[in-house]
Amino acid sequence: MKRINVTQSSMPPYEEYIEEIKEIWDTKWLTNMGPIHNRFEEQLKEYLKTDTISLFTNGHMALSIALQVLGISGEVITTPFTFASTTHAIVQNGLKPVFCDINENDYTINTDIIESLINEKTTAIVPVHVYGNVCDFEKIEKIAKKHGLKIIYDAAHAFGTEVDGKGIGTFGDISMFSFHATKVFHTIEGGALTYQNHALKKALETYRNFGIKNSDSVISIGTNAKMNEFSAAMGICNLRHLDEEIMKRKAVVKRYRENLSCQKGIRLCEEQKGLRENYAYFPVVFENEQRDAVAERLAAENIFARKYFYPLTCDFQCYNVKCNVPIARWVSDRVLTLPLYADLTQEDVDRICKRILK
Ligand SMILES: *Cc1c(COP(=O)(O)O)cnc(C)c1O
């Protein structure tokens, strides 16, 4: 039986990619902000409807650099219902993550709780547009303003998402995107930051290249987080086909919803209003605690769903902290992310759902 994974990387036509990287054999310019990198950057600005963007080797380094350049210190309020990267980036920068619970309907950070977690050490909020669901950015903005906090969005799941025609990367101080091979849009490995304050550009881009300002001066203890030309070329090719990919994903999600909505014991994410979605993930919550059994049953048929996000990051062995997040824990214990990619057929979706409902 053919294997169905939770995701499958999108690939541009082979010839297209070869065409795109051809010039590298003439220029011999492989990395360090080459012509393909710069072309790609311009295209992304347009697609994401933002006028400030910097590219990185991956999303994790981008997030880490965002925290450093904004001078975040002390405590950071964030969500444990996310990929390891979000929490790791905070802790790796010597910051203390303070875990806030999530909403029951969209699994983003619960803005009614944030203020109760703020103290004199708090300097930032790091919310996650988890599964591409958009956080309550207006409320977060209000809280941040009132308490003088920075907002850094983990938008790794939300590439191309728009709210009332506005790009998702235009909220907060900085938004991080991941272009990892498993994401809706990818550059093999890669990432980006978008930001409102143009003045950040210099600092972010110096940091990504060892803090080197010019041949005579190094102005910050930076790192190496540059995007190479081959990745940028993959990005240019994938971007060309992205809208079509998203349309195909939309059809898959529609089919899942037709099969699974209003089924007893199964909870789906509420659809958010006024959004241009990217259909990044399809999480299903099994209220009856059948999650593990369902996952096993699917695996027996060579279908691999993922317990995404389980465990919560605050429950990782490496952190060993106590955190009071009952909703996040409830969801994390019951959620399964179903296979979703552009070329998943309607027949496959039906087969997966049939297995689940049995
Ligand atoms: C993928 C991901 C990241 C990290 O991105 P990389 O490009 O893999 O470094 C961060 N946060 C979330 C929520 C992610 O899913």
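The values are calculated or read from the model by the stated rules, or taken from the named source; none is laboratory data. Being a predicted model, the structure only gives us computed values, none of them experimental. Cβ atoms come from the backbone with ideal geometry, glycine included; neighbour counts cover every protein chain shown. Just the protein is used for accessible areas: all its heavy atoms, side chains included, with ligands, DNA and RNA removed. Shrake-Rupley method; radii C 1.70, N 1.55, O 1.52, S 1.80 Å.
Check 63, 55 and return the single one that is assigned to a strand (DSSP E or B), modelled with pLDDT of 95 or more and within 12 Å of the ligand (Cβ to nearest atom).
Values: 63 fails: assigned to a strand (DSSP E or B).
The conditions single out 55.
Residue 67: buried (at least 23 other Cβ atoms within 10 Å of the Cβ) and in contact (Cβ under 8 Å) with a residue 24 or more places away in the chain, yes or no? Explain how you work it out, then say what you get.
On the way: buried (at least 23 other Cβ atoms within 10 Å of the Cβ): yes; in contact (Cβ under 8 Å) with a residue 24 or more places away in the chain: yes.
Yes: the conditions hold for residue 67.
With respect to the conditions (1) surrounded by 13 or more Cβ atoms within 10 Å (Cβ to Cβ); (2) at pLDDT 95 or above, residue 323 lacks only one, and its number is (2).
Cβ separations smaller than 9 Å between residues 6+ apart or across chains give the following pairs from segment 20-46 residues that are in contact (Cβ under 8 Å) with a residue 60 or more places away in the chain to residues that are aromatic (Phe, Trp, Tyr) and open to solvent by less than 50 Å² (accessible area, probe 1.4 Å): 44/177.
As for segment 2-14, it holds no residue that is under 15 Å from the mean Cα position of the chain (by Cα), open to solvent by less than 70 Å² (accessible area, probe 1.4 Å) and without any contact (Cβ under 8 Å) to a residue 60 or more places away in the chain. Quick check: anything in segment 177-190 in contact with a His (Cβ under 7 Å, 6 or more places away or on another chain) and open to solvent by 10 Å² or more (accessible area, probe 1.4 Å)? Yes, because at least one residue in segment 177-190 is in contact with a His (Cβ under 7 Å, 6 or more places away or on another chain) and open to solvent by 10 Å² or more (accessible area, probe 1.4 Å).
Where helices (runs of 4 or more DSSP H) fall wholly inside segment 252-358, the ranges with 1 or more residues that are among the hydroxyl-bearing types (Ser, Thr, Tyr) are 326-334. Taking the residues in segment 154-171 that are surrounded by 24 or more Cβ atoms within 10 Å (Cβ to Cβ) and not in a loop (DSSP other than H, G, I, E, B) as candidates, determine which candidate is nearest to the chain's Cα centre (by Cα). Of everything passing the filter in segment 154-171, 154 is nearest to the chain's Cα centre (by Cα).
Of everything in segment 150-167 that is among the hydrophobic types (A, V, I, L, M, F, W, C) and touching a residue at least 60 places away in the same chain (Cβ under 8 Å), the residue that is nearest to the ligand (Cβ to nearest atom) is 156. For segment 275-293, the criterion of being among the β-branched types (Val, Ile, Thr) and out of contact with any strand residue (DSSP E or B) (no Cβ under 6 Å at 6 or more places or on another chain) is satisfied by no residue at all.
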